[in-house]
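What follows is one structure encoded as structure tokens, with my remarks underneath.
The values are calculated or read from the model by the stated rules, or taken from the named source; none is laboratory data. Computed from a prediction, not measured in an experiment: that's the story for all the values here. Cβ atoms come from the backbone with ideal geometry, glycine included; neighbour counts cover every protein chain shown. With ligands, DNA and RNA removed, areas are computed over all heavy atoms of the protein, side chains included. Shrake-Rupley method; radii C 1.70, N 1.55, O 1.52, S 1.80 Å.
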Amino acid sequence: MTKQSNNQMLKSALDVKASKSVIEPTITVQRIKGAADESNTEKCQCAIIRADQFSMYYGSTVGVKDITMDIYPCSVTAIIGPSGCGKSTFLRSINRMNDLVPHARAEGKLEVDGQDIYDKRINLVNLRQQVGMVFQKPNPFPKSIFDNVAYGPRLQGVKNKSKLQHIVEQSLKASALWDEVQDDLKKSALALSGGQQQRLCIARALATKPRVLLMDEPCSALDPLATGKIEDLIEQLKSSYTIVIVTHNMQQAARVSESAAFFCLGELIEYDNTSKIFSNPSKKQTEDYVTGRFG
Amino acid sequence: MRLAVRGIIDRAFTALTALSVVLMCFALVAVLGPMIWRGTGAVVFQGTVEFRKMQLSIFQRGDPSSLEKEINQAEHIRKVVYETIDKFKRGIDTEALTDEARKIHREFGKELRYKDVSIDEYTQLRSISRDLRNKLENAFVCRDIEQIRENIEYVLKYENDTRIKGTRAEDFFRLAKEFQKAAESTDLSRYYEYAGSLAEVEEIIVKLLRPKPGEPVPALVRLRYGATRWDHAQKLLDNLLWIEQWVEKEPGKPLVKVLSPRAEQFAGTIIEPLFDYVPENLTRMLKPRWTFYWQYFIDDNVNSHYFGGIGPEILGTLVITLLGMLVAVPLGIISAAYLVECASDNFAVRIIRMCINTLAGVPSIIFGLFGLAFFVLFLFPVLGFESKPCILAASLTLGVLTLPVMIRASEEAIRAVPQTYKEASLALGASRFKTFITVIFPAALPGILTGVILSLSRIAGETAPILFTGAVALGPIPKSIFDSTRTLSYGSYDMAVGDRLAMMVPHNQYGMVVTLVLLILGLNTVAIILRSRVFKKLKGR
């Protein structure tokens, strides 16, 4: 495929997307729609996730190095790049899941909602409830659908049965799974199909009412039909949540995201609007990647 | 390798595996079969009227009125046996006869003193009585039939003496006549042979048909009843009818056992027909009936397992097993959780792991000694308990015994839980403890239950650890965990090395062993069913 036809393909994808979107956010200060729990009239221009020379090391190996980027509320940001470039590392740093890896060490500043999350005094439980995560392979607990979605709220201390029922229903509706499972919430979650399981995981993450939703290649284990459903879901969710999605699939990034960050070998190469990244990237590395020269 | 050769090897391998399975099944049947067959004999057997008598008087079970009818019927038949033997005995038991003669003489003398007789008559009658007594004694002790007849005739001459009529001295004549009859029918030269064999015969009859009516009730309970089981009665009958003799058939070779009928020994005597009468009428004397003695599992035993059941043993085994599990399972799961979740991979932790794996193979007697030394002798006084073996010490020892197995199985199970569950749970804001309790532990439950099953079997069957720490062979039913108890495992051992008494009730040994096997099987089955249900729920079916 030539560079031209590639660009044309991306452009057409972006055109389709452009007709749907209302606002085209840029990296600079701009008035953007507010977050879910703020009224629509209030507009926030502060970044909800701010990285400042952030680095993550596993022992002596570099995970990511000197990342500086701002992610704004109610947007979808895609992180793209070849394998092993630190996309998942950076994503997992945002909700401190890297603490599970032995000898993991962070340097620099990473702020979520104005708070440095690598501060010693941070409340991890609270952080992880504010920053939800959806993993690559759907991993519902071996419990019932209801218990899966209610897991988060129960951790938060919600014991009232009707309240739980309400939260579960809301979350399942938000993740477009309610219609398919409302008859039998006691069914085991492992009996669902792959796409349903992933939507269940999204519902589970949404049940804690997070501000940010991190998605680590959510569709890579799913068939195209399920992938399409998830992408539609992301489209619906972006009005209320900030979504950061890591993806190997450039076309998917072009379809769902407004901003895109290109990582390579642990460094942030370019971070800009998706349309610009795919049509007219400023760095040569970016252009080489999006046109398929390597990756 | 050529295809044909490979095919042959494949087929040979399949045949070998099939053969090994067949061998295993065969071995299982060969070992378990006789055990179960004999063991059920402890519960399902033909019980005689003696058994029902024993049940009624010791355990208050059964219908008194119908039992009494049965007893009367049996006694009627048995009377013949008793009387024949008594008669024969009187014929040859000269000591008793002599005693009786002397008694008669004494009592006659007493009688005379109360009667109104003159001194002369008194002296005369006394000397006659003495004379008769001496003549009778002579008759009793001599072996020659002519001499006996002489003496008896002399005694009987006084039969019509009016002075003696109506007094105690008349018994002299009765004694004389009886003895004469017995002497005529007995070959007195074989007296000693009779005496020995008769004692044996009497012993067997007594074991079969006790009690002899009129005799005082023995203190030992097991001597109060005859054969309670029909198979036991058959064995006694064999002993009655046949004599075992070890004969040297060929010089220099080991002795050979030869059975000869006992009837030959008593040929010509009044006892001889007994050896036909008893076998023919044994069913009517003992009234065997198929009994289902399910209370075997509840009753306490009587007189070292001669009668009764193994209830306390079963209770002891169950209590010790459950308490031991209570010690081993929580500790095992928590230790495994620590080793998987929290322990860093440093030298100390590696040493601990090595120790746990080594302990899994330590002989159980070592644990018994450890339990005695640590729990009974050291820990209990420190805690203020009495320093003696008890259920608590035994359970603690057994818990420590199976702790390594439990830790190993739990560790494997917890490690096998997919890391993704842990990640998902943590990403939702759960603490590590909450994650373990609500996600990891339920997912690891099937593997942990496997460890529970293994521990259960081990604890229920172990004998060595409880030898010094809590088990006794005979004793009261424990009232608290600070008492010792009897258990099935220790009881089986004790009966196997025990005294002759235990040999007389082999059904009890088999019963104990089979009960232990079935108990373990039952507990295992429950645990396996539980595990499969948890497993199915985990898999979403």
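What lysines does B:Lys115 reach when the alpha-carbon gap must be under 18 Å and sequence neighbours fewer than 8 apart in one chain are set aside?
Candidates past the 8-residue exclusion: B:Lys165.
What accessible area per residue, rounded to a whole number of Å², is obtained for segment B:215-284 using a probe radius of 1.4 Å? List each step's numbers first, then the result.
Details: 4300 Å² over 70 residues.
With all protein chains present, segment B:215-284 gives 61 Å² per residue.
Shape of segment B:223-376 from its Cα gyration tensor (a ≥ b ≥ c, root eigenvalues): rounded if a/c is under 1.5, otherwise prolate when a/b > b/c, or oblate? Walk me through the numbers on the way to the answer.
Numbers: a/c = 5.19, a/b = 2.44, b/c = 2.13.
Prolate, because a/c is 1.5 or more and a/b exceeds b/c.
Would you jot down the residues in segment B:507-541 that end up with at least 40 Å² less accessible area in the complete protein assembly than in the chain alone, with a 1.4 Å probe?
With the partner chains in place, segment B:507-541 has these residues losing at least 40 Å²: B:Leu538, B:Gly540.
Rounding to the nearest 10 and keeping the result within 0 to 90°, find how far the Cα-based axis of helix B:145-156 lies from the longest principal axis of chain B.
Rounded to the nearest ten degrees, it is 60.
Across peptide A:239-247, how many C-beta atoms of other chains are within 10 Å of each residue C-beta, on average?
On the way: counts 0, 0, 0, 0, 0, 0, 0, 0, 0.
Mean number of neighbouring Cβ atoms from other chains: 0.
Roughly speaking, to the nearest percent, how much of chain B's 1.4 Å accessible area is carbon and sulfur? Could the numbers behind the result be given before it?
Details: 18140 of 28990 Å².
Taking all protein chains in place, chain B shows 63 percent carbon and sulfur surface.
In segment B:249-335, which trypsin sites (Lys or Arg not before Pro) fall in coil by DSSP and have 12 or fewer other Cβ atoms within 10 Å?
Details: sites: B:Lys249, B:Lys257, B:Arg262, B:Arg284, B:Arg289; in loops: B:Lys249.
Of the trypsin sites (Lys or Arg not before Pro), the ones in loops of segment B:249-335 whose Cβ has at most 12 other Cβ atoms within 10 Å are B:Lys249.
Tilt of helix B:347-359 relative to the longest C-alpha principal axis of chain B, in degrees (0 to 90, nearest 10)?
30
Going by the alpha-carbon gyration tensor, a ≥ b ≥ c the square roots of its eigenvalues, is segment B:149-289 rounded (a/c under 1.5) or, if a/c is not under 1.5, prolate (a/b greater than b/c) versus oblate?
Working: a/c = 2.83, a/b = 1.51, b/c = 1.87.
In terms of gyration-tensor shape, oblate.
Pairs to check: A:Lys137/A:Lys283; A:Lys209/B:Lys434; B:Lys135/B:Lys181; A:Lys87/A:Lys187; B:Lys79/B:Lys181. Give those whose C-alpha atoms are more than 25 Å from each other in this structure. Could you put the intermediate results ahead of the total?
On the way: A:Lys137/A:Lys283 33 Å; A:Lys209/B:Lys434 20 Å; B:Lys135/B:Lys181 17 Å; A:Lys87/A:Lys187 35 Å; B:Lys79/B:Lys181 20 Å.
Table pairs above 25 Å Cα-Cα are A:Lys137/A:Lys283; A:Lys87/A:Lys187.
Under a 1.4 Å probe, what is the accessible area of segment A:195-295 per residue, stated in Å²? Provide the component values of the computation, followed by the final result.
On the way: 3500 Å² over 101 residues.
About 35 Å² of surface per residue is accessible.
Once you have the alpha carbon radius of gyration of chain B, what is it after dividing by 2.2 N^0.38 Å, with N set to its residue count?
Numbers: Rg = 36.6 Å, N = 541, 2.2 N^0.38 = 24.0 Å.
Output field value: 1.52.
Sort B:215-221, A:222-228 by packing, meaning the average of other beta carbons within 10 Å per residue, with the highest value first. All intermediate terms of the calculation are to be shown ahead of the outcome.
On the way: B:215-221: 9.9, A:222-228: 14.6.
Order by mean packing, descending: A:222-228, B:215-221.
Express in whole angstrom the spacing between the alpha-carbon centres of segment A:57-133 and segment B:1-59.
Here the two parts' Cα centres lie 64 Å apart.
What is segment B:96-233's relative contact order, in percent, from Cα pairs under 8 angstrom and six or more apart in sequence?
Working: 95 pairs, mean separation 28.1, N = 138.
Result for segment B:96-233 is 20 percent.
Return the long-range amide H neighbours of A:Glu107 (sequence gap of 5 or more, or a different chain), with a cut-off of under 5 Å between placed amide H atoms.
Those qualifying (amide H under 5 Å, at least 5 residues apart or on another chain) are A:Ser55, A:Met56, A:Tyr57.
Return the value, in Å² to the nearest 100, of accessible area buried between chains A and B (probe 1.4 Å, both sides summed).
Working: alone 14320 and 29910 Å², together 42430 Å².
Summed over both sides, the interface buries about 1800 Å².
Choose one of A:Gly157, A:Met133, A:Ser144: the residue whose Cα lies farthest towards the positive end of the charge dipole of segment A:82-220 (beta-carbon charges +1 Lys, Arg; -1 Asp, Glu; about the Cα centre).
Of the options given, the answer is A:Gly157.
What distance in nm lies between label points placed 7 Å from Cα along the C-beta direction at A:Lys163 and B:Thr283?
It is 8.1 nm.
Which of A:Gln197, B:Val362, B:Ile448 sits farthest toward the positive end of the charge dipole of the protein assembly as shown, with +1 on the Cβ of Lys and Arg and -1 on the Cβ of Asp and Glu?
Farthest towards the positive end: A:Gln197.
Write out the trypsin sites (Lys or Arg not before Pro) in segment B:24-67 meeting two conditions: DSSP loop, and at most 13 other Cβ atoms within 10 Å of their Cβ. Could the numbers behind the result be given before it?
Values: sites: B:Arg38, B:Arg52, B:Lys53, B:Arg61; in loops: B:Arg61.
Those that pass, being in a loop and sparsely packed, are B:Arg61.
Report, to the nearest 10°, how far helix B:49-59 tilts away from the longest principal axis of the Cα atoms in chain B, using its own Cα long axis and a range of 0 to 90°.
Tilt of helix B:49-59: around 60 degrees.
Using a Förster distance of 35 angstrom, determine the FRET efficiency expected from the C-beta separation of B:Cys342 and A:Gln156, and round it to 0.05.
0.90
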